[in-house]
Amino acid sequence: MKNYIFKMWHYGVSHNKMLLRSVHDGWNTDICFLDVKYIELPTVLRGITILEPSQTDVEYLSDIIDIKDERITVILSQGKRYYVVSSIVKVIENELDLFELPYE
């Protein structure tokens with residue numbers, strides 16, 4: 001995913017769902033977050049790597065939000081760290097239409 005461009009494709013307030021999507025020729029790479037509690041990232045991410053949180057990341061986010069059983073996803077893009085705190089995160093490759101969502 002280091003050469004992909006991901007965009008914040010969808011955020012649903014009612015169920016706290018968020019979709020980051022990278023569109024390719026006839027297919028997509030989707031990163032789906034469910035039960036989202038916290039988002040700290042730009043709407044466009046270039047060349048990403050998904051990392052496990054460091055102790056520093058956990059301490060930083062614990063000062064902002066009460067983290068219990070949620071998963072901390074660290075997204076590295078262009079040398080910067082971004083965060084999503086959610087219950088579930090899935091990476092899916094699919095052939096969905098631009099307006100179709102993978103969690104419906």
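The values are calculated or read from the model by the stated rules, or taken from the named source; none is laboratory data. Quick caveat, the model's predicted, so the values are computed rather than measured. Ideal geometry is used to build each Cβ from the backbone, glycine not excepted, and the neighbour counts take in all protein chains shown.
Determine whether Glu104 is at pLDDT below 95 and either in a strand (DSSP E or B) or of a type outside the set (Val, Ile, Thr) (or both).
So Glu104 fits the description; yes.
Taking the condition loosely packed, with under 12 Cβ neighbours inside 10 Å and either assigned to a strand (DSSP E or B) or touching a Lys or Arg at 6+ places or on another chain (Cβ under 9 Å) (or both), does Thr29 pass?
Against the criterion (loosely packed, with under 12 Cβ neighbours inside 10 Å and either assigned to a strand (DSSP E or B) or touching a Lys or Arg at 6+ places or on another chain (Cβ under 9 Å) (or both)), Thr29 does not qualify.
Can you tell me which residue is surrounded by the most Cβ atoms within 10 Å (Cβ to Cβ) among those in the range 44-68 that are of a type in the set (Val, Ile, Thr) and within 24 Å of Lys2 (Cβ to Cβ)?
Filtering first and then ranking leaves Ile48.
Can you pull out every residue in the range 78-101 that is in contact (Cβ under 8 Å) with a residue 40 or more places away in the chain, of a type outside the set (Val, Ile, Thr) and part of a strand (DSSP E or B)?
Residues satisfying the conditions are Tyr82, Tyr83, Ser86, Lys90, Glu93, Asn94.
Mind checking which pairs have a first residue in the range 14-25 that is surrounded by fewer than 20 Cβ atoms within 10 Å (Cβ to Cβ) and a second that is acidic (Asp, Glu) and not in a strand (DSSP E or B), Cβ under 8 Å, 6 or more apart or different chains?
His15/Asp35; Asn16/Asp35
Quick one: Ser54 ticks every box in (1) in contact (Cβ under 8 Å) with a residue 40 or more places away in the chain; (2) over 22 Å from Glu100 (Cα atoms); (3) over 11 Å from the mean Cα position of the chain (by Cα) except a single one, so which number is it?
(1)
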